[in-house]
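Data first, discussion second: the structure below is written as structure tokens.
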Amino acid sequence: MVIGAGLGGLCLAQGLRQAGIDVRIYEREASVRARYQGFRIGIGGPGLAALRECLPQRLHPLLEASTGELSGERRVVDEQLREIRQLGALHGGTATDRHVLRHLLLAGLTDRIQFGKRLVRYTELTDGTVRAEFADGSSATGDLLVGADGGNSPVRRQLLPDAEVVTLDGNGLLGRTPLTERFAGLVPGFGTVVNGPEVRMLLGKMEFRRPPHLAAAELAPDVELPETGSYLRWGAFLPEYIKPLPADWPAVRDLLLAGIADWHPDLVELVRQSDVVNSSVLTVRYAKPVPHWGTRQVTLLGDAIHVMPPSGGMGANTAFRDAALLCRAITAVERGEAELLPAVERYEREMLEYGFAAVAESLEQLPAFAPSVTAGAASAH
Ligand SMILES: Cc1cc2nc3c(=O)[nH]c(=O)nc-3n(C[C@H](O)[C@H](O)[C@H](O)COP(=O)(O)OP(=O)(O)OC[C@H]3O[C@@H](n4cnc5c(N)ncnc54)[C@H](O)[C@@H]3O)c2cc1C
């Protein structure tokens, strides 16, 4: 039983399905479209390899066609777009859109997933199975429960009540603006940092190789990908004295517009044209390392155990790596090559090591990414 149909949980389910293992996914939201989460996720290296490993071969061409390039020069400019310096080129990644990728990861799993199932608790039964209990009063039972339920994971709260997740308070905004000819020049390569007097912006490009819905229609007609255009995704960090930030996007956007009124008109227009549905305040969290806890029929994957700031671009990559590793462990059990608990324990020990190393690396990169975030107060739960 996989709790959470996010990137990591769906990737695991794809791998298990391919291996012929009976997997069920339970997602709290009413559908994959319930909350639009269309921001750009860069994947590469072991994360991309893990995603490919879990995804059936027939979907690889669609993965390629519905994503974009993530490489090239990184530059720093001032608020009038005058170049301050080059940070050197970065190569080798793939730019994906979270919303598109989730749709792709749902391919072939519709009979395995139940939406509207918010896990409230689990119970370990005396026969060695686990019962998942949902807010609607229903329950389900399985041999292993995988908490892939994100940074606020109820599974982690029950399994590891002392594990700490720190929320950093830092005035970050995350915007998305349709990519037009006017804006394309703002990000000639991997990304652009705009160092204004009081506000810093980070600009990145999500340019689909092909419109995802058209690529799906041709390459895998049974898969429905959303109709969405290319865009610039940007982060902006407001000065600390502006607090608290309003909750609705038009009000936050107007605060930002007031702060950058004398900036280059292309940047002002970029913010003005931001998409209300896909833009939001940015919450930055990280998990403090936990020691291994003694394996049981309940385990964790992705942000549920090692949530990290987006500064390293490693959260989803690490969740995919977890998914592939856990999938191999469960597959070995299914084939009779290993016992369940020792196989899960090996997964957990390896995952904890590289997972928390990724958290530490992301935290190291945070000051350069968002100085105001590290300067802000933190609260732990
Ligand atoms: C702005 C931003 C940019 C990022 N950029 C990158 C990047 O470039 N590269 C990268 O690798 N990572 C990036 N990340 C991180 C990445 O998005 C996450 O690490 C990744 O989504 C984690 O996947 P997950 O499956 O663990 O959790 P999620 O994708 O968060 O999925 C958790 C799922 O569990 C469900 N759920 C929660 N509670 C329950 C419950 N009680 N019952 C049932 N279901 C539940 C949720 O609805 C959700 O669907 C970025 C994150 C942000 C915010």
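The values are calculated or read from the model by the stated rules, or taken from the named source; none is laboratory data. From a predicted model like this one, the values you see are computed outputs, not experimental measurements. All Cβ positions, glycine included, derive from the backbone under ideal geometry; neighbour counts span all protein chains shown. Keep in mind that these areas ignore ligands, DNA and RNA; they rest on the heavy atoms of the full protein, side chains included. Shrake-Rupley method; radii C 1.70, N 1.55, O 1.52, S 1.80 Å.
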For this session: Please enumerate the residues belonging to segment 316-359 that are basic (Lys, Arg) and in contact with a helix residue (DSSP H, G or I) (Cβ under 6 Å, 6 or more places away or on another chain).
Result: Arg321
Problem set entry | Residue under evaluation Gly38, criteria (1) open to solvent by 20 Å² or more (accessible area, probe 1.4 Å); (2) in contact with a strand residue (DSSP E or B) (Cβ under 6 Å, 6 or more places away or on another chain), criterion not met | (1)
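Only one of these is of a type in the set (Gly, Ala, Ser), surrounded by 23 or more Cβ atoms within 10 Å (Cβ to Cβ) and either more than 11 Å from the ligand (Cβ to nearest atom) or under 27 Å from Leu179 (Cα atoms) (or both): Ala370, Ala343. Name it.
From the options Ala370, Ala343, the qualifying one is Ala370.
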Exercise. If we keep just the residues of segment 11-25 that are open to solvent by less than 20 Å² (accessible area, probe 1.4 Å) and under 20 Å from Val120 (Cα atoms), which is farthest from the ligand (Cβ to nearest atom)?
Worked result: Val23
For this session: Taking the options Ser280, Ser362, Ser311, name whichever one is open to solvent by 40 Å² or more (accessible area, probe 1.4 Å), within 11 Å of the ligand (Cβ to nearest atom) and touching a helix residue (DSSP H, G or I) at 6+ places or on another chain (Cβ under 8 Å).
Result: Ser280
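Which one of Ala316, Ala324 is aliphatic (A, V, I, L, M) and open to solvent by less than 10 Å² (accessible area, probe 1.4 Å)? Lay out the reasoning, then the answer.
Working: Ala316 fails: open to solvent by less than 10 Å² (accessible area, probe 1.4 Å).
So the residue among Ala316, Ala324 that is aliphatic (A, V, I, L, M) and open to solvent by less than 10 Å² (accessible area, probe 1.4 Å) is Ala324.
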Problem set entry | Failed item, numbered, when Glu164 is tested on (1) within 15 Å of the ligand (Cβ to nearest atom); (2) touching a strand residue (DSSP E or B) at 6+ places or on another chain (Cβ under 7 Å) | (1)
Problem set entry | Residue list for segment 17-43, restricted to those being touching a residue at least 40 places away in the same chain (Cβ under 8 Å) and either within 22 Å of Ser138 (Cβ to Cβ) or acidic (Asp, Glu) (or both) | Val23, Arg24, Ile25, Tyr26, Glu27, Arg28, Glu29, Ala30, Ser31, Val32, Ala34
Problem set entry | Whichever residue in segment 283-308 is near the ligand (Cβ under 7 Å from one of its atoms) and assigned to a helix (DSSP H, G or I) and, among such residues, is farthest from Gly44 (Cα to Cα) | Ala304
For this session: Answer yes or no: is there a residue in segment 271-282 that is among the acidic types (Asp, Glu) and touching a Phe, Trp or Tyr at 6+ places or on another chain (Cβ under 8 Å).
Result: yes
Exercise. Residue check, Ala319 against (1) near the ligand (Cβ under 8 Å from one of its atoms); (2) at pLDDT below 95, all met but one. Which one?
Worked result: (2)
Exercise. Which condition number in (1) in contact (Cβ under 8 Å) with a residue 60 or more places away in the chain; (2) at negative phi; (3) aliphatic (A, V, I, L, M) is the one that Leu63 fails?
Worked result: (1)
